[in-house]
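The values are calculated or read from the model by the stated rules, or taken from the named source; none is laboratory data. As the structure is a prediction and not an experimental result, all values here were calculated from the model. Glycine gets a Cβ as well: all are built from the backbone with ideal geometry, and neighbour counts include every protein chain shown. Surface areas here come from the heavy atoms of the whole protein model, side chains and all, with no ligands, DNA or RNA. Shrake-Rupley method; radii C 1.70, N 1.55, O 1.52, S 1.80 Å.
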Amino acid sequence: ESTQVLSLMLLIRPLILLVMGRCSSKATITGKTVVITGANTGIGKGTAQELATRGGRIIMGCRDMEKCEAAAKEIRGNTLNPHVYACHLDLASMKSIREFAEIIKKSEETKHHLLDVLINNAGVMRCPAWKTEDGFDMQFGVNHLGHFLLTNLLLDKLKESAPSRVINLASLAHIVGKIDFEDLNWEKKKFDTKQAYCQSKLANVLFTRELAKRLQDTVMYKLIRGFVCKLKL
């Protein structure tokens, strides 16, 4: 069932892209600080470059620092914006997430600035039955739990910066997702990489909706679903 739905979504992707079109806004965000996870490639890199073009102070959180530094350098060159920074973040490690959050709260780039936007973009898709450093299913751990922890660690900073925004990237795959609260890490049943991904994307949706209810007066939440070409998951 999940395979059929995913196949259908791939077939209608061109139509979705045609209808959605491109952003026509000319707004600038000069001086605003934006944190983007998984920003060295794909959607994250494109977002980082666009927001750097609009004058933002961009902090790129990535697992592979060599690629992150290269992407940051490229974006600085393309946009002539010197305020694009690379920072290590491994969403498969709770330790790394906590260290990253501390850097965001205490570094020179953010200490004297607000945290205006957090974009939870990074993700993995259809990987084998891998586990995170802390023993969670890799897709659930990286796609949901990692961003769940990061967002909560930065909530005070986001509240101080209100009106701020948190943007979570999800997928239409959430439609066929099911949360198995008795076996989130696929330890009692046969591993299904497609369903594991769908579960993680449904968790993104549920997380976003609940936080929107709890923080509607201080932080604005946005959920982005759909398709973007040339992803590297």
| task | Which order do the peptides 158-170, 38-50 take when ranked by the mean count of other beta-carbon atoms within 10 Å per residue, highest first? | result | 38-50, 158-170
| said: On the principal axes of its Cα set, how long, how wide and how thick is segment 44-110? Give whole Å, largest value first. | reply: 33, 22, 16
| HN-Hα J couplings of segment 135-145 from phi, Karplus 6.51/-1.76/1.60, θ = phi - 60°, integer Hz, Gly and Pro as x? | x, 8, 3, 4, 5, 5, x, 6, 5, 10, 4
| Can you list the aspartates and glutamates whose alpha carbon sits under 15 Å from that of Lys213, skipping same-chain ones fewer than 8 residues off? | none
| said: Among 77-89, 199-211, how do they line up by average Cβ neighbours within 10 Å per residue, starting with the highest? | reply: 199-211, 77-89
| note | Violations at 28 Å Cα threshold for listed pairs Lys26/Lys178; Lys26/Lys105; Lys131/Lys201; Lys95/Lys157; Lys26/Lys194 -> Lys26/Lys178; Lys26/Lys105; Lys26/Lys194
| Over segment 72-215, what percent of the accessible surface lies on carbon and sulfur atoms, probe 1.4 Å? | 55 percent
